[in-house]
Amino acid sequence: MTTLTDIRLALATATLNTASRVAGLTGDAFGRLDMLGVGRDPYPIYDDVRSRGRLVKSRLGVMLTASHDACNVVLSSPDTSSAEEESPGGVQRLLDVRVRTREVNPIQDSFISRDAPDHTRLRRLVQRGFSMKAVSAHAAMIERVSTALIADFPRRGPVDLVQSFARPLPMRVIIELIGVPSEDQPRLNVWGDQLAASLDRPRSLSAVRSIRRAVADIDLFFRDLIAQRRREPTDDLLSLLLEKMDSDVAGPSDQLTDNEIIATLGLLLIAGFETTVNLLGTGTANLLRHRDQLESFGSDPAGRINGLVEEALRFESPVQFTMRRSIEDVDLGRGDVLPAHHHVVLLLAGANRDPDVFDRPNRFDIERANARQHLAFVSGAHYCLGAALARLEAQVAWTTLAKAFPDVDRWRFAGTPQPGVSRIVRGFRTLPLAFT
Ligand code: HEM
């Protein structure tokens, strides 16, 4: 049934589509980025933004930066916010086409969209499970899953690296960590895709409806799982959260509501696999496009793996950009000021090609000495909670592939890859390759 809210959303998306298209056609950076087809090359836009200055204003009201240094200042400033504005005005109101639902939305309602002190309290509760030490305990499990997935590759013909490896690996890892039954993996796969698509603003009413359905389904799914774990606790992250929250000795900072648990689990699920799948997909494609780098990796996988992971994160960052809102003026140095009450699009992938930091930034070089200075995991208070896990997964995945198919001369493209579903999370939906 079409409601009044639906009509309002349909009008808002259509208005913004038109405003963006018109702005983009006349060279506006945000308009160009917003209307760029999913999978198209965004790097010329990032270079253009950087060439116009450290902070560029779009006619649609937002600011943009592709400067490494300016991104860093914004990300670590106490005068910027990750939270939604209560009542945005003007064009911002249109840019903020939210898909409000009664259910818990894993992105809008979780700690990734909150500021201190809420952010600190909620992040602290799950932080310990993602430290380097905690994560390294999962290395054997990640290796077991990687080896099993490769063993299932078709004996003949091409293998779709995304569907057969890059996607199921992080999915199995995160569901095992959270404590989701493995038979639910296919449903989570679909919801993950729908929510990843929702990171971009919705472009139509049907997109809004698909997001609403996914949000409602995930909400119900986690509510059932919580009830189940309360009845029969295990040793997974969910049981630990519930134990903490329900115990008599829980302090005020441990008091999570069911809604907060659902938002946290949803966030871990989406952030935990929609990003890593793209690191593995685009990273492998970039190796194949740069045969000298593939040879270098093949000649010493153990010695080159760390360099490969960091350069893959830098060269084609899975999360291409993010947003912050200034609460006060933020001094970016060198005479630039981000004025109070502005949204700023931080072009992380553009910052990772900033020639002020990275020598010959458009070269894919797995031996680059300072690749780890990338902002693929941002910096500051919201630094990716899963960075150690993502790094470990990529290290294990690529070394296991190199062990299974040591003759890297045979690695090649075996069809046309299809792009993923979002402009923000960049990667492939399919990547047909041959290894033998
Ligand atoms: C290659 C893989 C990954 C990339 C590129 C990535 C990137 C990012 C980025 C850019 C942010 C900051 C977003 C913002 O504040 O605007 C972030 C936050 C986050 N990531 Fe990741 N991520 C990856 C893997 C993971 C994994 C495996 C997990 C596991 C659970 C995870 C969990 C999170 C969480 C919970 C946050 C929110 C942190 C906070 O707000 O304090 N990520 N990630």
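Evaluating Met323 against the criteria (1) assigned to a helix (DSSP H, G or I); (2) surrounded by fewer than 18 Cβ atoms within 10 Å (Cβ to Cβ); (3) within 11 Å of the ligand (Cβ to nearest atom) leaves one unmet condition, (1).
Here Val22 does not fit the description of being touching a Pro at 6+ places or on another chain (Cβ under 7 Å) and of a type in the set (A, V, I, L, M). Restricting the first member to the range 40-52 and to residues that are surrounded by 16 or more Cβ atoms within 10 Å (Cβ to Cβ), and the second to residues that are in a helix (DSSP H, G or I) and among the hydrophobic types (A, V, I, L, M, F, W, C), the beta-carbon pairs closer than 6 Å and six or more apart or on different chains are Ile45/Leu33; Val49/Ala29.
The set of residues from the range 357-384 being within 16 Å of the ligand (Cβ to nearest atom) and either surrounded by fewer than 21 Cβ atoms within 10 Å (Cβ to Cβ) or on the phi > 0 side of the Ramachandran plot (or both) comprises Arg372, Gln373, Phe377, Val378, Ser379, Gly380, Ala381, His382, Tyr383, Cys384.
Here Pro301, Pro318 are screened, and the one residue that is within 9 Å of the ligand (Cβ to nearest atom) and not β-branched (Val, Ile, Thr) is Pro318. In the range 399-419 there is no residue matching the filter, namely being within 13 Å of the ligand (Cβ to nearest atom) and of a type outside the set (S, T, N, Q). Residues in the range 143-176 that are part of a loop (DSSP other than H, G, I, E, B) and within 16 Å of the ligand (Cβ to nearest atom): Arg167 alone.
Could you say whether any residue in the range 353-375 is more than 23 Å from the chain's Cα centre (by Cα) and in a strand (DSSP E or B)? Looking through the range 353-375, none of the residues is more than 23 Å from the chain's Cα centre (by Cα) and in a strand (DSSP E or B).
Residue by residue through the range 390-417, note down the ones that are among the acidic types (Asp, Glu) and farther than 15 Å from Ala166 by Cβ.
Asp407, Asp409
Under the condition of being in a loop (DSSP other than H, G, I, E, B) and touching a Gly at 6+ places or on another chain (Cβ under 9 Å), which residue from the range 252-301 is surrounded by the fewest Cβ atoms within 10 Å (Cβ to Cβ)? Top of the filtered list is Thr275.
Among the conditions (1) modelled with pLDDT under 90; (2) under 21 Å from Leu267 (Cβ atoms); (3) in a helix (DSSP H, G or I), Arg209 misses just one, which is (2).
Of the set (1) out of contact with any Pro (no Cβ under 8 Å at 6 or more places or on another chain); (2) of a type in the set (Ser, Thr, Tyr); (3) modelled with pLDDT under 95, all apply to Ser239 but (1). Do we find a residue being within 15 Å of the ligand (Cβ to nearest atom), at negative phi, in a helix (DSSP H, G or I) and buried (at least 17 other Cβ atoms within 10 Å of the Cβ) anywhere in the range 130-140? Looking for residues that are within 15 Å of the ligand (Cβ to nearest atom), at negative phi, in a helix (DSSP H, G or I) and buried (at least 17 other Cβ atoms within 10 Å of the Cβ), one finds at least one in the range 130-140, hence yes.
Scanning the range 114-129 for residues that are part of a helix (DSSP H, G or I) and loosely packed, with under 14 Cβ neighbours inside 10 Å gives Asp118, Arg124, Gln127, Arg128.
The values are calculated or read from the model by the stated rules, or taken from the named source; none is laboratory data. All figures in this text were calculated on a predicted structure; none of them were measured in a lab. Every residue, glycine as well, gets a Cβ built from its backbone with ideal geometry; the counts of neighbours run over all protein chains shown.
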